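Data first, discussion second: the structure below is written as structure tokens.
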Amino acid sequence: MATVRMTPLEATNYIWFAWLISWFAAAIWSDRTVRRPSLWNQSAYRLTTLCGSLLLFGVFGIRRYDIRFWRLDGAPGWLFVATAAGGVLFMWWARLHLGRLWSGSVTRKADHHIIDTGPYAFVRHPIYTGLLCALAATVCVRATVESLAGVTILEAGIYIKARTEETFLRDQLGAEAYDAYARRVPMLLPFRR
């Protein structure tokens with residue numbers, strides 16, 4: 001009887017598929033949106049993250065740029081799989097801690113307030129931090145020009161979204177309160193000022 005072994009590349013694909021399905025299924029737990037920035041203000045991060053995602057996962061299928069730099073099928077590959085899974089778990093911790101205030105886009109929910117406990121005591125955007133960690137690990141496993149370009153574009157989109165969110169929340173929740181939080185807690189990288 002032949003044994004079928006999963007590769008780190010396949011494992012990262014399963015992690016992202018499970019995250020995608022569970023993440024969007026959990027959107028029903030979100031509170032009612034009270035306010036959101038204009039669609040125009042959100043278009044930059046939406047387009048950037050869409051294009052980056054498509055490139056990262058090879059959806060465009062540009063074979064000329066889909067040649068792998070290296071193969072990580074042994075222990076190093078599984079270490080990156082564990083790192084990707086850790087990033088996804090960190091995202092889920094942040095999302096569960098945020099509770100009904102979570103939204104897939106930049107919004108203000110009913111009874112919105114600054115959360116500064118749990119993962120939000122380490123970074124202001126822990127979901128993005130976990131996402132960046134999981135993306136970095138994934139690109140190390142995929143190791144193609146296309147995936148490297150995709151993760152670079154995705155990182156830019158995440159940064160744009162974080163900045164858009166900060167500007168919006170500063171306006172909606174009060175500049176004084178949000179700025180005090182921003183002085184205490186770094187944006188994306190823990191322990192970095």
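The values are calculated or read from the model by the stated rules, or taken from the named source; none is laboratory data. This one's a predicted model, so the numbers in the text were calculated from it and none came from an experiment. For neighbour counting, all protein chains shown are included, and Cβ atoms are generated from backbone atoms with ideal geometry for every residue, glycine included.
Overview of values
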| read-out | value |
| --- | --- |
| Single residue of 102, 93 found to be of a type in the set (Phe, Trp, Tyr), farther than 20 Å from residue 155 by Cα and at pLDDT 90 or above | 93 |
| Cβ pairs under 8 Å, 6+ apart, first in the range 70-95 and in contact (Cβ under 8 Å) with a residue 24 or more places away in the chain, second of a type in the set (Gly, Ala, Ser) and not in a helix (DSSP H, G or I) | 70/143; 71/143; 72/143 |
| Whichever residue in the range 1-43 is small (Gly, Ala, Ser) and not in a helix (DSSP H, G or I) and, among such residues, is nearest to residue 98 (Cα to Cα) | 30 |
| Considering residues of the range 16-46 that are under 23 Å from residue 112 (Cβ atoms) and among the polar types (S, T, N, Q) only, the residue modelled with the highest pLDDT | 43 |
| Pair list, Cβ < 9 Å and 6+ apart or interchain, from the range 176-188 residues that are without any contact (Cβ under 8 Å) to a residue 12 or more places away in the chain to residues that are part of a helix (DSSP H, G or I) and not small (Gly, Ala, Ser) | 179/170 |
| Helices (runs of 4 or more DSSP H) contained in the range 91-193 and holding at least 1 residues among the basic types (Lys, Arg) and surrounded by fewer than 17 Cβ atoms within 10 Å (Cβ to Cβ) | 145-173, 175-184 |
